[in-house]
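J.: Before anything else, here's the structure in question.
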Amino acid sequence: MTKAYTVTSLAKLRSDAVWRHATLHSHPRPQLYWFTRGQGRFTIGGVTRGYGPNTAIFIPAATMMSLELAPQVQGGRLTLPLDPTLNFPGVAFHIRVGSVEAQSKFSGYVDMIEREVSAHAVARDEALRAYGLLVSVWVARQLAVQDGSILRDRTHVLAEKYAALLERDFRSGRGVADYAEQLGVTATHLSRICREASGRPALALLQDRLMHEACCLLVDTDLPAREIAGDLGYSSAAYFTRAFTRQTGRTPSEFRKLAPMQQSLIAG
């Protein structure tokens, strides 16, 4: 249980290579971001929005997302266990918390979780679960104050459905036309909706998700490029190399060599 809760400062996230958080990816556990200073943009489920101070953003497990972290942005990320009894929402939400009391309560809960994680006290798992439930109650009350406001635009439903399919099947080698057919629309219509929702067409979202995974495999494993190409659904290693170079400005081998220098260039 202890390892299921982690607290990470946004400064720590920002110290990683930019592509780690700024390109489309997902996490196997739910995450709750808390921004105390600065502003930027985030994309969740194919929809891009802005955030500012005192904003809480909840992202369910296995949900495609990306995040801009400018130098002035401060806050933290609470990663939660896969525990349905904690009763967190099943969909993402984005709320601004205006109450100073509510801000203080949430910060206190996160501080206590961080202390429990780093301590070796008796009944640590029970304490962490208790604080997790308190965070869940805090979320429920904040959503109630804002009339259950989980920001969702009906015009963005198609983009969200595409993002969900993309996250599930991006390794399959399927193209935008295949996803559009599954969604019952034309590729042109799908791209228009994605551009309206995120500022990018459907193909750009697909390429971004593939590039994030490719970067991870190049940096975090020793797999050769041909195996990475196959794992990500590319028809050949040569095609993968061309696509990767076009997106990042580096060949896969060059990118891998630059990893110790925290290579962060992601073009387009």
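Just so it is clear, none of the values below were taken in a lab; they were calculated from the coordinates. On a predicted model such as this, the values are computed, not experimentally measured, just so you know. Cβ coordinates were reconstructed from backbone atoms using ideal geometry, including for glycine residues, and neighbour counts include every protein chain displayed.
J.: How big is the dipole moment of segment 2-145 about its Cα centre under a simple scheme where the beta carbon of each Lys and Arg is +1, that of each Asp and Glu is -1, and everything else is neutral? Debye, nearest 20, please.
T.: About 280 debye.
J.: A further question on this structure: Is it possible to state the helix-based mean residue ellipticity at 222 nm for the chain, with each DSSP H run of 4+ residues giving -39500 (n - 2.57), the sum divided by total residues, to the nearest 500 deg cm²/dmol? What is it?
T.: Computed mean residue ellipticity for the chain: -15000 deg cm²/dmol.
J.: DSSP loop trypsin sites (Lys or Arg not before Pro) in segment 23-84 with at most 13 other Cβ atoms within 10 Å of their Cβ, which ones?
T.: Filter output for segment 23-84: empty list.
J.: A follow-up question, please. Which whole number in µm²/s is D for segment 101-204 by Stokes-Einstein, with the Kirkwood Rh taken over Cα pairs at 37 °C and 0.692 mPa s?
T.: Once the numbers are plugged in, D ends up at 192 µm²/s.
J.: Now, a different point. Taking 0.36 nm per intervening residue step and subtracting the Cα-Cα distance, what contour gain separates residue 29 from residue 119 on full extension?
T.: Working: separation 90, 0.36 × 90 = 32.40 nm, distance 2.21 nm.
Going from the current span to full extension adds 30.2 nm.
J.: Rounded if a/c is under 1.5, else prolate if a/b beats b/c, else oblate: with a ≥ b ≥ c from the C-alpha gyration tensor eigenvalues square-rooted, which is segment 2-145?
T.: Rounded is the answer for segment 2-145, as its axis ratio a/c remains below 1.5.
J.: Right, here's the next one. Would you work out the charge dipole size for the chain about its Cα centre, treating the Cβ of every Lys and Arg as +1 and the Cβ of every Asp and Glu as -1, and quote it to the nearest 20 debye?
T.: In total the dipole reaches around 500 debye.
J.: Right, here's the next one. Taking only the alpha-carbon positions of the chain and ignoring solvent, what does the Debye formula give for the base-10 log of I(q)/I(0) at q = 0.10, 0.16 Å⁻¹?
T.: -0.56, -1.27
J.: Could you list 112, 65 so that the one with the fewest beta carbons within 10 Å of its beta carbon is first and the one with the most is last?
T.: On the way: 112 17, 65 23.
Fewest-to-most ranking of 112, 65: 112, 65.
J.: With the Cα gyration tensor of segment 154-261 giving a ≥ b ≥ c as the square roots of its eigenvalues, does the rule (a/c under 1.5 for rounded; else a/b larger than b/c for prolate; else oblate) give rounded, prolate or oblate?
T.: prolate
J.: Under a plain spin-label model, where a point goes 7 Å from the Cα along Cα-to-Cβ, how far apart in nm are residue 257 and residue 177?
T.: According to this spin-label approximation, the distance is 3.8 nm.
J.: Turning to a different aspect of this structure: Under a 10 Å cutoff between Cα atoms, tell me which one of 30, 81, 71 has the largest fluctuation in the Gaussian network model of the chain.
T.: 71
J.: How do 257, 161 rank when sorted from fewest to most other Cβ atoms within 10 Å of their own Cβ?
T.: 257, 161
J.: Anything in the chain that counts as a DSSP H helix reaching 20 Å or more along its axis (C-alpha) with Kyte-Doolittle mean of at least 0.5? List them, would you?
T.: Both cut-offs are met by 124-145, 202-220.
J.: Still on this structure: Counting other beta carbons within 10 Å of each Cβ, put 19, 34 in order, fewest first.
T.: 34, 19
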